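What follows is a short report on a single structure.
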Amino acid sequence: MAEHPAYPVGLRLAGRRVVVLGGGQVAQRRLPALIAAGADIHLVSPQATPSVEAMADAGEIAWTRRPYEDGDLADAWYALIATSDQGANTAASAEAERHRVWCVRSDDADAATAWTPATGHSEGVTVAVLTTDARGRDPRHTAAIRDAVVEGLRDGTLVAPHHRTRTPGVALVGGGPGDPDLITVRGRRLLAEADVVIADRLGPRDLLAELPPHVEVIDAAKIPYGRYMAQEAINNALIEHAKQGKSVVRLKGGDPFVFGRGMEEAQALAEEGIACTVVPGISSSISVPGAAGIPVTHRGVAHEFTVVSGHVAPDDERSLVDWPSLARLTGTLVILMGVDKIGRIAETLVAHGKPADTPVALVQEGTTAAQRRVDATLATVAETVREQDVKPPAVIVVGEVVNVGVQSSPKTSE
């Protein structure tokens, strides 16, 4: 038997009895996939890891708390044998053979009737990799092949065109704070499949160079007519290309719904009856401070953080921010789009009770190669911004967590 390669097959286990012997690390790794397959899972083991026990407590599996006994595999369709008792494993394997139950053994693959492939998933596709030579199995090599295939499918470097007609529509994709590696897997896949990409200047620009030549890239930052009309023009561009039957990605910086006007675009599409998918992104409000060594919360220092827009000054009638209330909070304040207004913001916070020596950090071009951090206090931040020539985009962090970051990551401070 060892001279012949395994025959690959996909088991449909929904509603069918699966027996797992042993509640250790092997079971902890394998059970989620069996649960996702809808199997009727029966665990037999005297003990289990906390994660496996939690699955039993949640009703995802049935747990019999004892060692293996002959007859446990009766009526099973599939068995995973992973106890620390080799004698029990051998006996269970023999029972599986008698009952013709497909059986995987974690301790002795050669004695099993089935092998578990290295598997991965990418949008409706399961990739399963098995070594064909039974005498030279290399699990690490198999896993590496699996990872390469799945990663290629996810980021579009492994082209697998759809041969069925795709449903046209728009995906509002949060591209993260700027580093192309910080876009979500789903966002990167949709970007690779797009016909048209309408991109913000704050999105991960490096990813645009990876797009195939046929993809039309529209720079949203260059759409004219001012702020309001620019948004209206973006909405119209999304609608126009989607109605032409194209797959459109609106690539935005950060998250589409965190000061990204994503809901305005979703509403415009809904009014036209156009399908819209929202793909959340990593918000710069958390990721950029983190990249500069600043935690927005820290035990004993800050139990909350508040994110506000600083694109209008506190004394501007258009401002919707309750700055006096923010001045009384003891947690962290994260300000986006506030570089040119930080002087008036700092004055307002101090005027309403925030100590003038409260630490402030400005992180410019966060997560990119041009990232730099400038430190100040509320009393000095306006002058520091001028002296250091801090430019947008920059995330501003106000609070004692700034000093926590300096202590743990001294190299990030200028």
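The values are calculated or read from the model by the stated rules, or taken from the named source; none is laboratory data. Computed from a predicted model, the values in this text were never measured in an experiment. Don't worry about glycine lacking a Cβ; one is built from the backbone with ideal geometry, like all the others, and counts go over all protein chains shown.
Residues in the range 65-108 that are farther than 17 Å from Gln28 by Cβ and of a type in the set (S, T, N, Q): 4 in all. Of all the residues in the range 229-271, those that are hydrophobic (A, V, I, L, M, F, W, C), under 24 Å from the mean Cα position of the chain (by Cα) and surrounded by 18 or more Cβ atoms within 10 Å (Cβ to Cβ) number 6. The residue pairs whose first member lies in the range 366-387 and is part of a loop (DSSP other than H, G, I, E, B) and surrounded by fewer than 17 Cβ atoms within 10 Å (Cβ to Cβ), whose second member is modelled with pLDDT of 95 or more and not polar (S, T, N, Q), and whose beta carbons are closer than 6 Å, counting only pairs six or more residues apart or on different chains, are Ala379/Ala356.
One line per residue, one yes/no per condition, for (1) modelled with pLDDT of 80 or more; (2) within 18 Å of Val185 (Cα to Cα):
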{"position": "Ala76", "(1), (2)": "yes, no"}
{"position": "Leu80", "(1), (2)": "yes, no"}
{"position": "Thr83", "(1), (2)": "yes, no"}
{"position": "His99", "(1), (2)": "yes, no"}
{"position": "Ser106", "(1), (2)": "yes, no"}
{"position": "Asp110", "(1), (2)": "yes, no"}
{"position": "Thr116", "(1), (2)": "yes, no"}
{"position": "Val125", "(1), (2)": "no, yes"}
{"position": "Asp138", "(1), (2)": "no, no"}
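Looking only at residues in the range 1-24 that are buried (at least 20 other Cβ atoms within 10 Å of the Cβ) and not in a strand (DSSP E or B), the one that is nearest to the chain's Cα centre (by Cα) is Gly23.
Of the set (1) modelled with pLDDT of 95 or more; (2) within 25 Å of Ile183 (Cβ to Cβ); (3) among the small types (Gly, Ala, Ser); (4) not assigned by TED's automatic domain parsing to the domain that holds Val404, all apply to Gly290 but (4).
Of all residues in the range 64-75, exactly one satisfies the criterion of being within 24 Å of Glu53 (Cβ to Cβ), touching a residue at least 40 places away in the same chain (Cβ under 8 Å) and surrounded by fewer than 22 Cβ atoms within 10 Å (Cβ to Cβ), namely Asp72.
For the range 25-79, residues that are among the β-branched types (Val, Ile, Thr) and assigned to a helix (DSSP H, G or I) total 3. Before we move on, is Ile342 out of contact with any Lys or Arg (no Cβ under 9 Å at 6 or more places or on another chain), within 28 Å of Leu182 (Cβ to Cβ) and among the aliphatic types (A, V, I, L, M)? When the stated conditions are applied, Ile342 passes them. Among residues of the range 272-294 that are in a loop (DSSP other than H, G, I, E, B), those with a beta-carbon under 6 Å from a residue that is β-branched (Val, Ile, Thr) and surrounded by fewer than 22 Cβ atoms within 10 Å (Cβ to Cβ) at least six positions away or on a different chain give the pairs Glu272/Ile239; Ser283/Val258; Ala292/Thr412; Gly293/Thr412.
Restricting the range 85-134 to residues that are in a loop (DSSP other than H, G, I, E, B) and touching a Cys at 6+ places or on another chain (Cβ under 9 Å), the residue that is surrounded by the most Cβ atoms within 10 Å (Cβ to Cβ) is Ala112. Restricted to strands (runs of 3 or more DSSP E) entirely inside the range 187-262, those with at least 1 residues that are among the charged types (D, E, K, R) and modelled with pLDDT of 90 or more are 216-219, 247-252. For Gln47, the conditions (1) in contact with a helix residue (DSSP H, G or I) (Cβ under 9 Å, 6 or more places away or on another chain); (2) under 19 Å from Arg100 (Cα atoms) all hold with the exception of (2).
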